[in-house]
1. Quick check for you: with a 1.4 Å probe and neighbouring chains kept, what is the accessible area per residue of the stretch B:171-307, in Å²?
2. Normalised by the residues of chain A, what does the relative contact order come to in percent, with Cα pairs under 8 Å and at least six apart?
3. On the first, second and third principal axes, largest extent first, how far apart are the outermost C-alpha atoms of chain B in Å?
4. Could you please tell me the mean projected area of the C-alpha convex hull for the stretch B:98-177, averaged over all directions and given in square nanometres to one decimal?
5. For the stretch A:64-101 and the stretch A:108-129, what is the separation of their C-alpha centers, rounded to whole Å?
6. How about the stretch A:366-466: which trypsin sites (Lys or Arg not before Pro) there lie in a loop by DSSP and see at most 14 other Cβ atoms within 10 Å?
7. Give or take rounding to whole Å, what are the principal axis extents of the alpha carbon atoms in the stretch B:19-146, in descending order?
8. What distance in nm lies between label points placed 7 Å from Cα along the C-beta direction at B:Thr114 and B:Asp168?
Amino acid sequence: MNKFTKKFLASAMLGTLLAFSAHAATLNIHNGGDPQSLDPQKLSGDWENRIAGDIFEGLVTEDAKDNPVPGQAESWTISPDGKVYTFKLRDGIKWSDGRPVTAGDFVFAFQRLVDPKNAADYAYLQFTIKNAEKINKGEITDLSQLGVKAIDDKTLEITLENPTPYFLNALMHYTAYPLPKHVVEAKGQDWVKIGNIVTNGPYKPVEWVPGSHVTTVKNDQWYGTKELKIDGAKFFVLEDQEAALKRYRAGEFDILTDFPTDQYEWMKKNLPGQAHVAPFSGLYYYVVNSQKPPFSDKRVRQALSMAINREVIGPQILGTGELPAYSWVPPGTANYGEPAYVSWKDLPYKDKVAEAKKLLADAGFGPDKPLHAVLSYNTNDNHKRIAVAIASMWKPLGVDVELVNAETKVHYDQMQRGQVEIGRAGWLADYNDPDNFLNLLVTGVQMNYGRWSNPEYDKLIKDGNAQTDLTKRAEIFKKAEQLALDESAALPIYYYVSKNVVSPKIEGFVDNIQDIHRTRWLSMKE
Amino acid sequence: MIKYALRRLLSTIPVMWIAVTASFFVLRLAPGGPFDGERPLPPVILKNLAAHYNLDKPLIQQYLLYVGDLLKGDLGPSFSSEDFSVAQQIMIGLPYTFTIGTAAFLLAIIVGVTVGCLGALYQNKTPDYILGSLILIGVVLPNFLIAPILQLIFGIHLAWFPVGGWGDGSLKFLVLPIVVLALPHAGRISRITRGSMIEVMNQNFIRTAKAKGIGPRLTVMRHALKPAMMPVVSYLGPAASYLLTGSLVVESIFGLPGIGRYFVNAALNRDYGMVLGTVIFYMVLIVFLNLLVDIAYAWLDPKVRNR
């Protein structure tokens, strides 16, 4: 082979290689905010979860429909009293540096999570584990007292404070991901920097430009790498939804994780089938300060609730068809079945208004003595639109509404201090279980902004959580939910929807109630 | 000249100290804290976080700790981005902002001065009206309006340039943000240049030059341009600091990873460390750029440095 031929062949091979890499299936995802960290114990947002869930894997993980499926654990057993879970780890699981993932890595991660020194925002999500809360509060200083033990390298035992039927769902959360003990101990805080970070999920991060993107590639050490159809992903930071939609239209993004609601009608016509609007495990609601007269009067709260025409909010005010909420727990929530509903759900709207007027009159308010109410919301166009609409719905009752908006930090600070009369709030489920919503109305819970308190409700929630039989538990919870709805503890308005835009070349994207779509389940058409 | 520059530099130290102190306390007085949000954290977690960031100490002690670290060159941690310190984040964002800002700055000067000179030379004639109207669009229309229009035309319909992102940093990614960032400044520079040039062109020494038979191009280049640049130079200081510290709107709309967005995002998140860090960074940059402008001014007009 002469020199020229060698050169020609080398160039041809290089060209082929380049052409191949140009066709590599990289998923470009518009991911909203900038991740706070790649350390799963320092996260708090869904945009961070999208990355963390691709690069790490817990004992249990999600399938495309967000159901729990074996992750790093191949199987598990639960003790008859529902308190002890024993996990058997898969054979041959490895970190991206080739070191084996052991039960000790899980013990290390859980201990680090609850250690108050590390100040993990979301440590409380694993407070169901024995002694987790006491350690986090500093009441127990010995981390080995935590109910997570390595029986051997392949067996992990987790003991809970009480039986917790949603515990497997909670293990899908990023707070339950293992950490590479050998790297964290060697590198300290810098373990998470690109170049140091070692992960155990289907992908591993190779680039992070704050304010721009995080890039991942296949993790060759993961047990299912051969089945991955996507070679890697780029998670783009871009909070301007209008700009994101333009980049999607220009083909720069394959998936948008949110879009401007006023563009929905346009998208339905111009990008048919690409906008995915689906029920989402979240509730948009108003709290009413039930410690403050006249809002402490159940009749006033119920009148306000009844006069909200929920049927028009999703289709007409937001334009994305959010479903009206008449229950506290969104339908479709796991371990629950059909939720409880307000008794007046199916009345025609004019009858609801008539009844609301009567209730207000009974409480001493009417055209001669209007009810003055301050409605607070955090600055956002949609919150404003809804507040203006609801204020106009309350007007026929003789309610004189003063609208106050504040930036998110200030709004929630005031809500927690009990300084609002009526305030806008929303809740997205951390784990798929009714407890995550019902807990918001328990006495003394921080998120109980309306300060509604009912000992019977508190007892029912406590009893429900002590119940291991899921059917009986759901019955108890439903009683509690009905009680809260009858008392108009807060005013549910609509159930959130997830809003994704998915390119026709992406396959395997399944709408689900927690809006979690791991790259491992997706594929891309050429 | 060096003495003049040093004197100007020293006079900024008390200003910077006052600005840091005021920013520190005003920020702490603002309602809402770094850990407030849609999801309130349990008291035990909040206590751990406060201890982690020294927020559990008396305010004056926090201030002294901050200033102590600052004197050692440490801008401290960011509350909303735990993997990078404030200084690291600024250093990561700076090259992007600097590239876009410098290019926009140069483009604004070249376009602004050229259009301004042509406007002055063709004063109240057709080219003056056409160029003046075109450049006015840049001044009048805000960049949050121009950017999406350019994205739609050149990004989506014509597909000449990417709609956003940094990509590989190649020119095609940078054209639209640079143009959007430069347009308003090019417009203002052209208006200032035009006015100043008209004034200079009516001076006696220009009439003398013309009387000697020097052509209009040479008259402008050799005699009129330097004195006409005085008001332009005084505008360049604030313009440069604005462009180099980045534009929140342009960086947000084009999804660029520069530092322009840090300040507002940090203020909204009550990320005390990041807000103070960016304030200090902006201050140092503005002081430095103003110093450069003063030196340029002194070079253009010797009377200034002898004052």
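1. Per-residue value: 44 Å².
2. Result for chain A is 19 percent.
3. Taking max minus min along each principal axis of the Cα atoms, chain B gives 84, 57, 32 Å.
4. For the Cα atoms of the stretch B:98-177, the hull's average projected area reads 6.0 nm².
5. So the separation of the two Cα centres works out to 19 Å.
6. A:Arg417
7. Reported extents, whole Å, longest axis first: 72, 36, 27.
8. According to this spin-label approximation, the distance is 2.8 nm.
The values are calculated or read from the model by the stated rules, or taken from the named source; none is laboratory data. Predicted model, so just to flag it, every value in this text is computed and none were measured. Here the Cβ is made from the backbone with ideal geometry for all residues, glycine too, and neighbour counts use every protein chain on show. Just so you know, the surface numbers come from the protein's heavy atoms only, side chains and all, with ligands and any DNA or RNA stripped out. Shrake-Rupley method; radii C 1.70, N 1.55, O 1.52, S 1.80 Å.
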